[in-house]
Amino acid sequence: MKRWALSVALVVACAANAQEKVDLDMTGKIRQEAFQRSQVMATLNHLTDVIGPRLTLSPAMLEANRWSRSKFTEWGLSNVHDEAIDDLGRGWVFTNASMEMLAPRAMPLHAIPKAWTPGTSGAVEGEAILVKLESKADLEKWKGKLKGKIVFTDDLRAYKPNEKSDFQRYDGATLEEMLAFPLPKARDIDPAMMARFRARMEMAPLINQFLIDEGVAATVSISSWNDGIVRVMGGGSRKAGESVGVPALVLMAEHYNTVMRALERKEPVKLRVNVDARFIDEANQPGYNTIAEIPGVGPQKNEVVMLGAHMDSWHAGAGANDNGAGVAVMMEAMRVLKAVGAKPNRTIRVALWTGEEQGLIGSQEYVKKHVAKFEEPKDPEQKAIPAFFRQNKGKLIKGNEYEKISAYYNLDNGSGKIRGIYAQENLAAAPIFQEWLKPWNDVGATIVTQRNTGSTDHVSFDAVGVPGFQFVQDQLDYFSHVHHTDLDVQDHAVEDDLKQASAIIASFVYNTAMRPTKLPRKPVAGN
């Protein structure tokens, strides 16, 4: 019985493969344009070295919206526009930050402020103190004791050398391992975990206001990575009307531990901190997704193939690998298709998202507005749970683009070359992708894995049943040096890898646009 079932599956897969016609002439043109006349590094250079980090709602993010629109227009794309995403919060910028230990000895310290926290309005000096503020009892315990102090919030963390290589590419064995599909575990909601989540959400604004009321000079937390790398994201609050707390910095781990050891020796530690940071707006403002198209010219011209990447970044580096690399590749894929004279049957639409780092906000709002959304739960308990954790998502309400979108392709795992694609358990799409990858086997792209991968914008589409895919990429030093750190700069992006990715994505998008039918879909859970 098992052999019969396997034989049927193979016949079905072979039949699907036989239907896939890859236009090798167009593939060759895409390869030539992407490999020989690439502009991907010029695009990345402007995004990172010229514009710089693109924190959501920052002036640099707005400039990236404007500049990418100008490039799309220059390349001859159509329907170039920004689409507003309302009420993202307030803009924030920082231009300088310094931290010094004055006693028990002089020492410069490497620290970067958390986004959406205030500046110091000039240099401030204060005594370091280790304080845990995790509950209302903690606030009561420390009331009246912290005026003028610089509060360190984490314990000393012992240094552990990294046992893996800092720079990694997949070899044959690891790619083969990725083809195995681990059976998913039941996603039961842990009541204790949800209680901790709610407690943190409740305490955050209380702690922010407590720090202000007590006159704390600044807070300092330890970088989550070692070796002098400062990994820093947000603090305070980006929402107008919410307490933003006091200046808050993340200190490199080895310098943080130096201060902690002095405190353990009962030595007074005096610090000087100077942070030039400010909020731009008094009220909540919209952010923008930037969108452009190559119009379809065939019978399916009203259908759409989408590709995208998030243009926002964190502020410590230049947002080169997270996710300037993805933006540069997607822009280059569109430029390549225009340059080779592609006339797709379906419309090809690129979207450069805002607010991904704050929870996929740009892509989720696009999907809700145009594609589909789940009806809001009426139970207050369920409504209080983040949508991701809800087991019963409710009825799916389809929008005007739900039946029109064939697929969405995303790139957001650094600048590593494409090694294949995650099929997201879409079994029917796998043999199609295998055929499309064959012209790219010689540049390292070979596998189709049924594994799911998450945490970026393809999830917004996949969650509502529209095929959404992320490519398998070499990790390089993405998860050892650059992800959300001050080292996320252009030097850590690999030019040849970006050229390869641009070409492959241009071909996948073109193949999707030219198929006689849309890509197959998998069922939506609960609908």
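The values are calculated or read from the model by the stated rules, or taken from the named source; none is laboratory data. Remember, predicted model here, so these are calculated numbers, not experimental data. FYI the Cβ positions are ideal-geometry reconstructions off the backbone, even for glycines, and counts take in every protein chain you see.
Worth pointing out:
- Scan of the stretch 486-498 for residues that are touching a helix residue (DSSP H, G or I) at 6+ places or on another chain (Cβ under 7 Å) and surrounded by fewer than 24 Cβ atoms within 10 Å (Cβ to Cβ), ordered by number: LEU487, VAL489, GLN490, HIS492, GLU495
- Which listed residue is within 20 Å of ALA180 (Cβ to Cβ) and in the same structural domain as VAL367 (by TED's automatic domain parsing), from VAL466, VAL459, VAL448: VAL448
- Selection from the stretch 457-483 of residues that are under 15 Å from the mean Cα position of the chain (by Cα), in a loop (DSSP other than H, G, I, E, B) and either among the charged types (D, E, K, R) or closer than 15 Å to ALA423 by Cα (or both): ASP457
- Selection within the stretch 247-270: residues that are part of a loop (DSSP other than H, G, I, E, B) and either within 26 Å of the chain's Cα centre (by Cα) or among the β-branched types (Val, Ile, Thr) (or both). The member of this set that is farthest from SER98 (Cα to Cα) is VAL269.
- Within the stretch 297-322, residues that are surrounded by 24 or more Cβ atoms within 10 Å (Cβ to Cβ) reach partners that are polar (S, T, N, Q) and part of a loop (DSSP other than H, G, I, E, B) with beta carbons closer than 7 Å, at six or more positions or on different chains, in the pairs MET311/THR354; ASP312/THR56; ASP312/THR354; GLY319/SER313; ASN321/SER415; ASP322/SER313.
- Residues in the stretch 107-147 that are loosely packed, with under 12 Cβ neighbours inside 10 Å and aromatic (Phe, Trp, Tyr): 0 in all.
Matching residues to (1) in the same structural domain as HIS255 (by TED's automatic domain parsing); (2) in contact with a Pro (Cβ under 8 Å, 6 or more places away or on another chain); (3) without any contact (Cβ under 8 Å) to a residue 60 or more places away in the chain; (4) assigned to a helix (DSSP H, G or I):
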site: ASN65; (1), (2), (3), (4): no, no, no, yes
site: PHE72; (1), (2), (3), (4): no, no, no, yes
site: ASP87; (1), (2), (3), (4): no, yes, no, no
site: ARG105; (1), (2), (3), (4): yes, no, yes, no
site: GLY122; (1), (2), (3), (4): yes, no, no, no
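- Filter result for GLY76 (at pLDDT 95 or above, touching a helix residue (DSSP H, G or I) at 6+ places or on another chain (Cβ under 6 Å) and on the phi > 0 side of the Ramachandran plot): yes
- Exclusive hit being over 24 Å from the mean Cα position of the chain (by Cα), at pLDDT below 95 and surrounded by fewer than 15 Cβ atoms within 10 Å (Cβ to Cβ), set LEU206, LEU183: LEU183
- Once the stretch 299-328 is narrowed to residues that are assigned to a loop (DSSP other than H, G, I, E, B) and in contact with an Asp or Glu (Cβ under 7 Å, 6 or more places away or on another chain), the residue that is farthest from ILE348 (Cα to Cα) is ALA316.
- Taking the stretch 476-485 as the range and being of a type in the set (A, V, I, L, M, F, W, C) and surrounded by fewer than 21 Cβ atoms within 10 Å (Cβ to Cβ) as the test, only PHE479 passes.
- Lone qualifier among GLU125, GLU134 - being at pLDDT below 95 and under 25 Å from PRO268 (Cα atoms): GLU134
- Total residues in the stretch 490-527, condition assigned to a loop (DSSP other than H, G, I, E, B) and within 18 Å of ALA407 (Cα to Cα): 10
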